[in-house]
Amino acid sequence: MSSWRRGRQIGRTQGDMTYDKRRDKRRNRIEIMFGRLKDWRRVATRYDRCPKVFLSAIVFAALVIYWL
C-alpha cells in the first residue's frame, strides 16, 4: 500500500516553501544557458572523447553565446 493511501504526505508542504526572487532569477539564467549550449551540436552530442577538449568546446561556446 502506498503512503498517499495511508494519509501521510511525502516531501514538502505548502507552508515550508518560500519564494526567493533572487534565487529563482539565478536558476533561470543557468537553465537558459544550458538550453543555449545544447543548441551547439558538438557540445550537445559530446563528440570529443578527451575531457580537456570537451571542456574547451564548452568554454568556447559559452564565450560566443555571451559575446553575441
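Within the shell of other residues whose beta carbon sits under 14 angstrom from the beta carbon of Leu68, the net charge comes to 0, with Lys and Arg scored +1 and Asp and Glu -1.
Overall size of segment 21-67 from C-alpha positions, given as principal axis extents largest first: 39, 20, 18 Å.
Where a number appears in this text, it was derived from the coordinates with a stated rule and is not lab data. This is a predicted model, so every value here is computed, not measured. Reconstructed Cβ throughout: ideal geometry from the backbone, glycine too, with neighbour counts over all protein chains shown.
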